[in-house]
Amino acid sequence: MRICIPTIDAGGQSSKVCEHFGSAPYFTIYDYQTGEYETLNNSGHENEHGTCHPIENLKSKGIDCIVCKGLGRRALNKLNSNGIKVLRIERSTVKEIVEDFSASKSEEMNADDACRNHRCR
């Protein structure tokens, strides 16, 4: 299982979680099988809202699931249509998310949970 977490820095397990998927400067990937962290630069994070398209890059990394605080409906639909589940969790660091994910303390995000007009629930 490989999970991806949008982060504001490239500090591995100590990385701070970004509030919104598309605005994240980095994506931190945790591989449960190997226990290793990988950081990807999200080169499109400063683009106009809705124009960041990191999904192909993430898909090529074998991501099973995105764990985040918020993302837009289009991103949610595109991730789901590519077989990537999206879970919502309210934590501050990658380490906390990995621990909570392991303990099944997350919930699957659906279209009603997605952000609208730059406002996350």
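Per the helix-only calculation at 222 nm, which mean residue ellipticity applies to the chain, given -39500 (n - 2.57) for every DSSP H run of n ≥ 4 and division by its residues, nearest 500 deg cm²/dmol?
Counting only the DSSP helices, I get -5000 deg cm²/dmol.
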For the chain, evaluate the Debye formula with one uniform point scatterer on each Cα (no solvent term) and list log10 I(q)/I(0) at q = 0.23 Å⁻¹, rounded to two decimals. -1.53
Which peptide among 57-68, 94-105 comes first, and what is the full order, when sorted by highest mean count of other Cβ atoms within 10 Å? 57-68, 94-105
Across every pair of different alpha-carbon atoms, what Kirkwood hydrodynamic radius in Å does the stretch 1-46 reach? 10.4
If I model a spin label at Lys78 and Ser92 as a point 7 Å from the Cα along the Cα→Cβ vector, what separation in nanometres do I get? 3.2
Hz values of 3J(HN,Hα) by residue in the stretch 2-10 - Karplus curve (6.51, -1.76, 1.60), Gly and Pro given as x: 10, 10, 10, 10, x, 10, 9, 9, 10
Kindly flag which residue pairs out of Lys16/Lys61; Lys16/Lys95; Lys16/Lys78; Lys59/Lys85; Lys16/Lys69; Lys69/Lys105 have an alpha-carbon separation exceeding 19 Å in this structure. Lys16/Lys61; Lys16/Lys78
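Place a +1 charge on the Cβ of each Lys and Arg in the chain and a -1 charge on the Cβ of each Asp and Glu, then give the dipole magnitude about the Cα centre in debye, rounded to the nearest 20.
For the chain, the charge dipole is close to 340 debye.
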With the crude spin-label approximation of a point 7 Å out along Cα→Cβ, what separation in nm comes out for Glu107 versus Lys85? 1.6
Calculate, in nm to one decimal, what Asp100 and Asp64 gain on full extension: separation in residues at 0.36 nm each, minus their alpha carbon distance. 11.3 nm
Over the chain, what is the percentage of antiparallel beta bridges among all DSSP beta bridges, to the nearest 5? 70
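We did not get these values from a lab; they are worked out from the coordinates using the rules stated. Keep in mind that this is a model prediction, so the values were computed, not measured. Methodologically, a virtual Cβ is constructed for each residue, glycine included, from the backbone with ideal geometry; neighbour enumeration extends over all protein chains shown.
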